[in-house]
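Just below is one structure, and these are the notes that go with it.
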Amino acid sequence: MGTVTCPECWSFNVEWDDVRPTGTVYTWARSHRDFMTELDVKAPYVTVLVELDDVPIRLLGILVGAGSVAIGDRVTGVFQKPDNSSWTILRWEPAA
Amino acid sequence: MTFRGSAAVVGVSDQHYPRGKGPRGERGMLVEAILAACQEAGISPRDVDGFTSYAGGDNSGPVLAAELDIRELRWSTMVWGGGGGGSAAAIVTAAAAIASGQADCVVAFRSMAQVSTGRLGYAKYYFDHQYLPHGISTPAHVCALRTQRLLEHDGVPRSAMRNLVLAAYHHAQANPEAAAYGKPLTAKTYDESAYIVEPFRLYDCSRENDGAVALVLVSAERARTLDVKPAYVLGGAQGSVGAYAARNENDSAYTTAGGSGTSDSPGVASRVWQQAGVKASEVDVVQVYENFSGPAVASLIDHGLCPPGPAAGDFLTLDNLIAPNGILPVNTSGGNVADSFVNGMGLAVEAVRQIRGTSRNQVRDGSGADTSLYIGGPMAPIHSSVLLGSEKTL
């Protein structure tokens, strides 16, 4: 599903840009079953879709360290590396 | 050449079983369904010259041509992308082939068996690395994200979802073939059922069945020579606007089902109404694909069958949604939640029954419906719907 070009100008010269890991909860869903045995987070867990502050892009991630969630909540991105993962994963926690 | 009224559904078969309990694998059940649909239409299976389907599977046109030993294969088309979102498109594609003279007799179908393709509860084959690390692994998850915003931001009340489910269960009580036949659902039981992926409770979720569904389409001229009441294809469309649901949750029409339009692109729903020359307010009965209740509510909104936002709750009352006298009778066989789920194609068969006057929850009893809409899978990367009509509407 990832794109190889910029869909706005069709350039193949895409590059990484630094943005602040801050944003607003656009929507969320709470999983009440462990659908994925390989996931280090156990149900119930909340996945948030976050609208970034710096660019008009929305990113998914599991919400950690929060009791409740609502659209419009301010969140900050954190990077976690689960024991069974070879990759670092973006997750979100309530903004300080 | 005009598409409207050029082709008609003249034979249907909907064979379903509890999941994992189908008497044959996908291909066996499918061949059985095609033979039954042809027999009902009074057409020799050897006359079939086209096949259309959606959501993948191994039973391609050439394979089925060999199974049935048809004379010539002229049309073999899979609707690309989006799972059940392409279900109505399979019917529309069959009709388009006939209307343009590419084929004479096309079968639109879907077959599913747990033994062949497993379950949808963990759709790892579909969700990629943009989703899986975040605990998003099923259709329930992606539909839950959109539905939560539909409820919390757009203000559609939860009662709209609940009443859609209660209407389906109400209808299933008159349908002995429905899984929920003899198992009525109360609002209290719905409200107390467990969450699966919030905001969806157990009863908001579709069933999964083994089964096969086939619809046989021929030209309007040929349909009139057969001993069945044709359900004419008045209009149909497939597609999406603005890369809906294919841009990793970054599309703009986020809380729609994928059938709405923009200022410069009409969208699936408008194209169907425009082709058919029918207004949303004029439709007699609707079968709306409910993978989950919330996305189905979004489909009704996209199609102009129900107002958006908080007003959706005022309109989507149980009384309004049930046949025969509701303003908008929906899912009159019980739908995916209370009848059966073969990737939603059973709903298309019920749409045909409403035109024929043979539904267990018939609207306009005695004459049958004049207009009957089937809306395909919502909140998927492709969306589609098809409007069927009686002879009177031509």
I'd like to know if segment A:77-92 contains one or more residues that are more than 11 Å from chain B (Cβ to nearest Cβ), surrounded by 14 or more Cβ atoms within 10 Å (Cβ to Cβ), under 23 Å from residue B:137 (Cβ atoms) and of a type outside the set (A, V, I, L, M, F, W, C).
yes
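Tell me which residues, restricted to segment B:204-226, are within 14 Å of chain A (Cβ to nearest Cβ) and part of a helix (DSSP H, G or I). Can you show your working first?
Within segment B:204-226, the first condition is being within 14 Å of chain A (Cβ to nearest Cβ), and the residues that meet it are B:204-205.
B:204 - this is the single residue of segment B:204-226 that is within 14 Å of chain A (Cβ to nearest Cβ) and part of a helix (DSSP H, G or I).
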For segment A:11-30: of the residues being closer than 26 Å to residue B:243 by Cβ and within 14 Å of chain B (Cβ to nearest Cβ), which is surrounded by the fewest Cβ atoms within 10 Å (Cβ to Cβ)?
A:24
Please go through segment B:168-191 and give me each residue that is in a helix (DSSP H, G or I) and either among the hydrophobic types (A, V, I, L, M, F, W, C) or within 14 Å of chain A (Cβ to nearest Cβ) (or both), ordered by number.
B:168, B:172, B:187
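Every residue, every condition in (1) closer than 30 Å to residue B:143 by Cβ; (2) in a loop (DSSP other than H, G, I, E, B); (3) in contact with a helix residue (DSSP H, G or I) (Cβ under 8 Å, 6 or more places away or on another chain), yes or no:
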{"position": "B:20", "(1), (2), (3)": "yes, yes, yes"}
{"position": "B:28", "(1), (2), (3)": "no, no, no"}
{"position": "B:36", "(1), (2), (3)": "no, no, no"}
{"position": "B:78", "(1), (2), (3)": "yes, no, no"}
{"position": "B:85", "(1), (2), (3)": "yes, no, no"}
Kindly evaluate residue A:58 against the criterion of being out of contact with any Gly (no Cβ under 7 Å at 6 or more places or on another chain), at the interface with chain B (Cβ under 9 Å from one of its Cβ atoms) and of a type in the set (Lys, Arg).
yes
How many of the residues in segment B:38-74 are assigned to a loop (DSSP other than H, G, I, E, B) and over 29 Å from residue B:239 (Cα atoms)?
7
Scan segment A:36-72 for residues that are in contact with a Leu (Cβ under 9 Å, 6 or more places away or on another chain), part of a loop (DSSP other than H, G, I, E, B) and under 20 Å from residue B:152 (Cα atoms) and report the count.
1
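Every residue in segment B:110-136 that is in a loop (DSSP other than H, G, I, E, B), under 26 Å from residue B:59 (Cα atoms) and either modelled with pLDDT under 85 or at the interface with chain A (Cβ under 8 Å from one of its Cβ atoms) (or both), please.
Let us first name the residues in segment B:110-136 that are in a loop (DSSP other than H, G, I, E, B), namely B:113, B:118-131, B:135-136.
With the extra rule that they be under 26 Å from residue B:59 (Cα atoms), the set shrinks to B:113, B:118-128.
Listed by number, the residues that qualify are B:118, B:119, B:120, B:121, B:122, B:123, B:124, B:125, B:126, B:127, B:128.
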Among residues of segment B:263-295, those that are of a type in the set (A, V, I, L, M) and in a loop (DSSP other than H, G, I, E, B), counted
2
I'd like to check something: does segment B:113-122 contain any residue that is under 22 Å from the mean Cα position of the chain (by Cα), touching a residue at least 40 places away in the same chain (Cβ under 8 Å), buried (at least 24 other Cβ atoms within 10 Å of the Cβ) and under 23 Å from residue B:36 (Cα atoms)?
yes
Of the numbered conditions (1) under 23 Å from residue B:359 (Cβ atoms); (2) surrounded by 19 or more Cβ atoms within 10 Å (Cβ to Cβ), residue B:173 satisfies every one except a single condition; which is it?
(2)
Got at least one residue in segment B:147-164 being crowded, with 20+ Cβ neighbours inside 10 Å, small (Gly, Ala, Ser), within 20 Å of the chain's Cα centre (by Cα) and outside any helix (DSSP H, G or I)?
no
Hey, residue B:212 over 22 Å from residue A:46 (Cβ atoms), aliphatic (A, V, I, L, M) and surrounded by fewer than 24 Cβ atoms within 10 Å (Cβ to Cβ) or not:
no
List the pairs whose first member sits in segment A:31-48 and is within 20 Å of residue B:199 (Cβ to Cβ) and more than 8 Å from every other protein chain (Cβ to nearest Cβ), whose second member is among the basic types (Lys, Arg) and surrounded by fewer than 14 Cβ atoms within 10 Å (Cβ to Cβ), and whose Cβ atoms are under 8 Å apart, counting only residues at least 6 apart or on separate chains?
A:34/A:42
Segment B:227-254, subset crowded, with 20+ Cβ neighbours inside 10 Å and hydroxyl-bearing (Ser, Thr, Tyr), residue farthest from the other protein chains (Cβ to nearest Cβ)
B:232
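Scan segment A:6-18 and give yes if some residue there is closer than 30 Å to residue B:205 by Cα, in a loop (DSSP other than H, G, I, E, B) and either under 14 Å from the mean Cα position of the chain (by Cα) or of a type in the set (A, V, I, L, M, F, W, C) (or both), otherwise no.
Step one: list which residues in segment A:6-18 are closer than 30 Å to residue B:205 by Cα, which gives none.
The answer is no, given that none of the residues of segment A:6-18 is closer than 30 Å to residue B:205 by Cα, in a loop (DSSP other than H, G, I, E, B) and either under 14 Å from the mean Cα position of the chain (by Cα) or of a type in the set (A, V, I, L, M, F, W, C) (or both).
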Only one of (1) part of a loop (DSSP other than H, G, I, E, B); (2) over 25 Å from residue B:367 (Cβ atoms); (3) under 19 Å from the mean Cα position of the chain (by Cα) fails for residue B:298. Which number is that?
(1)
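The values are calculated or read from the model by the stated rules, or taken from the named source; none is laboratory data. None of these values were measured; they are calculated from a predicted model. Every residue, glycine as well, gets a Cβ built from its backbone with ideal geometry; the counts of neighbours run over all protein chains shown.
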